[in-house]
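What follows is one structure encoded as structure tokens, with my remarks underneath.
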Amino acid sequence: MMWHDRQHPDVVFGDLRHEVVTVTDRSHGKQDGTRTLRIEPDVAMDFRALPYKDGTFNLVAFDPPHLLRAGPRSWLAAKYGQLGPDWREDLRRGFAECFRVLAPNGVLVFKWNEAQVKVSEVLALTEIDPLFGHLSGHKSLTHWLVFMKPASRPDSQFGPNGPESR
Ligand SMILES: C[S@@+](CC[C@H](N)C(=O)[O-])C[C@H]1O[C@@H](n2cnc3c(N)ncnc32)[C@H](O)[C@@H]1O
């Protein structure tokens, strides 16, 4: 959804699921009130254990699910996914993995909608503070936050045994 050019050679889009779903959505959908969503990642991956070596990327965008609660037929949940019961641990590991695969001074862009979980609760799951951010969306609930991986922190601090992942 957020890409300007999904086919850009510098983009690797990862997601846990690969599916095409048709949901009821009368706001933006087709005449028949449905909307087709295509979740077709370049690489199937779990953000809790990224299949890349330390320091691989200069830029990482982390856009995890933000919904804890959703109805069984929610098109928002179909579109954005849903947090699991261990969401704090999942996101903690996700942040640690994003920083691990970033090169020193690499940039992490993080997107979070705080309709259900405050952004402060999520920022508590990583030791690195964002440098700046921006609020968007018609209710101004979507945060775009920008972090830089400190060049002084060894990658081992972000790995499975580092403080970031505990
Ligand atoms: C907000 S959406 C991302 C939308 C995407 N940035 C785009 O522009 O199309 C969140 C996605 O995270 C995926 N997801 C949930 N848990 C995951 C995990 N552990 N690893 C990788 N992806 C996960 C969901 O399947 C969902 O598609």
Those residues of segment 71-123 which are under 15 Å from the mean Cα position of the chain (by Cα) and among the polar types (S, T, N, Q), in sequence order: GLN82, ASN113
Hits in segment 5-41 - residues which are open to solvent by 80 Å² or more (accessible area, probe 1.4 Å) and of a type in the set (D, E, K, R): ASP10, ARG26, LYS30, ASP32, ARG38
Number of the exception - LEU108 against (1) closer than 17 Å to LEU16 by Cα; (2) in contact with a Cys (Cβ under 9 Å, 6 or more places away or on another chain): (1)
Residue tally, condition modelled with pLDDT of 85 or more and open to solvent by less than 30 Å² (accessible area, probe 1.4 Å), over segment 147-166: 2
Looking only at segment 56-70, and only at residues there that are over 15 Å from the mean Cα position of the chain (by Cα) and not small (Gly, Ala, Ser), the one that is nearest to ALA124 (Cα to Cα): ARG69
Residue in segment 87-97 that is part of a loop (DSSP other than H, G, I, E, B), open to solvent by 40 Å² or more (accessible area, probe 1.4 Å) and in contact with a Leu (Cβ under 6 Å, 6 or more places away or on another chain) present: no
Considering residues of segment 110-145 that are farther than 20 Å from GLY84 by Cα, of a type in the set (A, V, I, L, M, F, W, C) and within 14 Å of the ligand (Cβ to nearest atom) only, the residue most open to solvent (accessible area, probe 1.4 Å): TRP144
Enumerated strands (runs of 3 or more DSSP E) restricted to segment 1-75, each holding at least 2 residues that are within 22 Å of MET148 (Cβ to Cβ): 57-62
Options LYS79, LYS111; residue that is assigned to a strand (DSSP E or B) and in contact (Cβ under 8 Å) with a residue 60 or more places away in the chain: LYS111
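The values are calculated or read from the model by the stated rules, or taken from the named source; none is laboratory data. Predicted, not measured: the structure shown is a model, and the values here were computed from it. We place every Cβ from the backbone using ideal geometry, glycine too, and count neighbours over all the protein chains shown. Accessible surface is based on the protein model in full, side chains and every heavy atom, while ligands, DNA and RNA are left aside. Shrake-Rupley method; radii C 1.70, N 1.55, O 1.52, S 1.80 Å.
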